[in-house]
Amino acid sequence: MYKSNDMKLSQFKFKLPEELIAQYPAPYRDDSRLLVLHRKTGEVEHKMVTDMVQYFDEGDLFVLNDTKVFPARLWAHKEKTNALIEVFLLRELNHRSRYWDVLVDPARKIRIGNKLTFDEDPSIVAEVIDNTTSRGRTFRFLTDYDNEEFVPRLYALGSAPLPKYIRRPMDARTQAQYEETFHDQPVREMDIERYQTIFADKIGAVAAPASGLHFSKQLLKRMEIRGIETTFMTSHVSLGIFKEIDVEDLTKNKMESEQIIMPEAMAQAVNKAHEQMHRVCAVGTEVMRAMETIAGTNGQLKAYDGWTNKFIYPPYTFTVANSFFVNLYMPMSSQLLMVAAFAGYEETMHAYEEAVKEGYRFGDYGDAMLIVD
């Protein structure tokens, strides 16, 4: 048995068969399996996402993330050599000057002064004006579009910023099979729609708040009928969510910062639920991290607009949420560590062993997990 005060990264390694990493979403948002873990007893139940409402009562509160993902992955050609370059948009630095913080791959080919073009819209040219990290660059976009028209035109070049572990077969037969599953919708269009929650509102994320992808209009209506309340905050998910932890000693790990916006109405809703002894369910690790960043010692929240780089791993005492709705995560990921901190290390690893045994789908497009007392 591991001592909770001496947790190491390697303790969160488990064998995940590649075929269990979801490459496409379920045909319908709430048509995923749900692994329910009772953290007090360690009991595991196998349900569907639509069964989730039975674990909550009138007055219980779900906290959801209303960030909106933009189509951040683009493909460009380097002028003169015509080399194919992947461009990943991170954030707009200056709207008027059209400066953007980006990642490029392969980075060794991209230097200051280089220009890149896009086949889908030759009127947009990207000029490299700075190196920021090994793969990071600052682009200045050159175009005749006015400032208000440019960003939509830029987004039209992009595709959904799916994580790297989604590696789809490119043969036409497989592609056609999946397009038939999604009612003949082209896969790129399907991703732009499905790698986004139905309540996405505030643009700024370069990765989806994946736990929220399971919520359909029908599921939200069932929750409403049961008297379950919902409230929203914003956490602009960054690529740091997929960054591998590269230190065995977890005390030395550093998380990338993410912008969080916690409205007064959301803080008041959580505080009210606490006062009335109702459940508070955090939907997704980014919501849990944001609330724990802001919470006082008594679990009370207040409005906030700022950043967090909080890294949560066992042992950790949570003060806000007492239930947790999440996806099934990759081995040794920061999300898995947070789940283990909430549910207990041994309980979590046992539940994951059951999930693998039962063929659950892992990753952003995978199945879900509900942790309750």
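None of the figures in this text is laboratory data; all of them are computed from the coordinates on show. The structure presented is a predicted model; accordingly, all values stated were derived computationally and were not measured. Cβ sites come from the backbone with ideal geometry, for glycine too, and all protein chains shown count toward neighbours.
For region 208-215, the Karplus equation 6.51 cos²θ - 1.76 cosθ + 1.60, evaluated at θ = phi - 60°, returns couplings of 6, x, 4, 4, x, 5, 7, 7 Hz by residue, with Gly and Pro reported as x. Other residues within the sphere of radius under 9 Å centred on the Cβ of Ile241, judged by their own Cβ, net out at -2 (K and R +1, D and E -1). With K and R counted +1 and D and E -1, the other residues having a Cβ less than 13 Å from that of Arg137 yield a net charge of +3.
In straight-distance terms, cross-link reach from Lys78 covers every one of the lysines whose alpha-carbon lies under 19 Å from its own, apart from those fewer than eight places away in the same chain; here that gives Lys109, Lys115.
In sequence order, region 361-373 has phi-based couplings of 9, 9, x, 4, 9, x, 7, 10, 9, 10, 10, 10, 6 Hz under the Karplus curve 6.51 cos²θ - 1.76 cosθ + 1.60, θ = phi - 60°, and Gly or Pro positions carry x.
So I have [x] 61, 44, 36; [y] 79, 47, 38; [z] 64, 47, 45, and one of them is Cα extents along the principal axes in Å calculated from this model. Which one is it? Among [x] 61, 44, 36; [y] 79, 47, 38; [z] 64, 47, 45, the one calculated here is [z]. Over all other residues within a Cβ to Cβ distance under 14 Å of Met52, the charged ones net out to -1, with Lys and Arg as +1 and Asp and Glu as -1.
Couplings 3J(HN,Hα) of region 237-253, computed from phi: 4, 9, 5, x, 5, 9, 5, 6, 6, 10, 10, 6, 7, 5, 5, 9, 6 Hz, in residue order, whole Hz [Karplus 6.51 cos²θ - 1.76 cosθ + 1.60, θ = phi - 60°; x for Gly and Pro]. By the count of other C-beta atoms within 10 Å, a proxy for reagent exposure, Phe56, Phe342, Phe150 are ordered fewest to most as Phe150, Phe56, Phe342. Summarising the amide proton neighbourhood of Ser323: residues at separation of 5 or more, or on other chains, whose placed amide H is nearer than 5 Å comprise Val280, Ala282.
Need the list of lysines near Lys8 for cross-linking: C-alpha distance under 23 angstrom, and skip anything on the same chain fewer than eight residues off. Excluding near neighbours in sequence, the set is Lys243, Lys252, Lys254, Lys310.
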